[in-house]
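The values are calculated or read from the model by the stated rules, or taken from the named source; none is laboratory data. Bear in mind that the values here come from a model prediction, so they are computed numbers and not experimental data. Note: ideal-geometry Cβ built from the backbone for every residue, glycine included; neighbour counts use all protein chains shown. Remember, those area values only see protein heavy atoms, side chains included, never the ligands or the DNA or RNA. Shrake-Rupley method; radii C 1.70, N 1.55, O 1.52, S 1.80 Å.
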Amino acid sequence: MIEPLTASRPLAAHAASSSGRGSARSSEGRPVPLIERVRDAVTLVFGCLGIVAVAWFAASALWSLGIIVFVTGSMAPSLPTGAAAVTRVVDASELAVGDIVTVRRPDANEQVTHRIVGIAPVADDPRARSLTLRGDANSAADLEPYIVTEAARVLVGLPVVGEVIIAAKTPGVMLGGAVLVAFVVTWALWPAPERAGADEDRSDPERRQTR
């Protein structure tokens, strides 16, 4: 029933009451079940996470970004064990004293992330630089300089995030995450019985008339 607009019930109040009655209802006027609202919220959250992941992969490919995890305390207290950092690969000519960089050790097949405390040119290669590095928690610089033409420079540090990344890479968590994603996708695409019944009624005019 349409309520008449009178002096005692102005237009604004009528509109407010109408919108309040329809806030928990679907476009067909039926109440939206709680399970559907929960499903929509979960789908929205996972959709946003998917968008963030795609945006990160695109940005990392476009700007040579990466993520490193600190498994030692050599850069404490600024970047303690369990921290993570976002890095970007830059030319050696762009580096400056005070930058934190990730480079490969000359005598081992592993990487180190320390702060630059000294830079010197390389005579036979104008693009290269000789870097003297030292961890913030170390009392002395690394034993040997690092000759590089480019290096991954730390842009921002993220405490504790590294522990989350390490935990997410364990087989149990990866399997559980895959199962959870598959469940959410299936749940989001599974048709709701009430919605399916409403769609069937709209597609069958004779059935609506017999009710």
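Ordered from largest to smallest accessible area (heavy atoms of protein chains, 1.4 Å probe), the residues Asp91, Asp142 come out as Asp91, Asp142. Along segment 147-161 the Karplus relation, 6.51 cos²θ - 1.76 cosθ + 1.60 evaluated at θ = phi - 60°, assigns HN-Hα couplings of 8, 9, 9, 7, 7, 7, 8, 6, 9, 8, x, 10, x, 6, 4 Hz to successive residues, with x for each Gly and Pro. Taking amide hydrogens as placed 1.01 Å from N in the peptide plane, the amide H of Leu95 sits under 5 Å from that of no residue at least 5 positions away in sequence or on another chain.
Calculated FRET efficiency, Ile147 to Val71, Cβ-Cβ distance, R0 = 30 Å: about 0.75 to the nearest 0.05.
Remark: segment 133-138, residue by residue, has Karplus-estimated 3J(HN,Hα) of 10, 8, x, 4, 8, 8 Hz, where x stands for each Gly or Pro and the curve is 6.51 cos²θ - 1.76 cosθ + 1.60 at θ = phi - 60°. Only Cα pairs under 8 Å and 6+ residues apart enter the sum, and on that basis the relative contact order of segment 98-177 stands at 25 percent.
Listed values for segment 112-128 are Karplus-derived 3J(HN,Hα) couplings in whole Hz (6.51 cos²θ - 1.76 cosθ + 1.60, θ = phi - 60°), namely 9, 10, 9, 8, 6, 10, x, 10, 9, x, 10, 4, 8, 8, x, 7, 8, and x replaces Gly and Pro.
Multiplying the sequence separation of Ala188 and Asn109 by 0.36 nm and subtracting their Cα-Cα distance, what value in nm do you get?
Working: separation 79, 0.36 × 79 = 28.44 nm, distance 4.57 nm.
Additional length available on full extension: 23.9 nm.
The simple Förster model, with R0 at 35 Å and r as the Cβ-Cβ distance, assigns Ile165 and Ala123 a FRET efficiency of 0.30. Amide H to amide H distances under 5 Å link Val122 with Ala128, Ser130, where only residues 5 or more positions off or on other chains count and H is placed in the peptide plane. The modelled label-to-label distance between Ala41 and Asp91, using points 7 Å beyond Cα along the C-beta direction, is 5.2 nm.
If I take R0 = 25 Å and measure r between the Cβ atoms of Asp136 and Ala55 in this structure, what FRET efficiency does the formula 1/(1 + (r/R0)^6) give, to the nearest 0.05? Working shown, then result.
Values: r = 31 Å, r/R0 = 1.25.
The formula returns an efficiency of 0.20 here.
Against the globular-protein guess of 2.2 N^0.38 Å, express the Cα radius of gyration of segment 53-142 as a ratio, rounded to two decimals.
On the way: Rg = 14.3 Å, N = 90, 2.2 N^0.38 = 12.2 Å.
Rounded to two decimals, the normalised Rg is 1.17.
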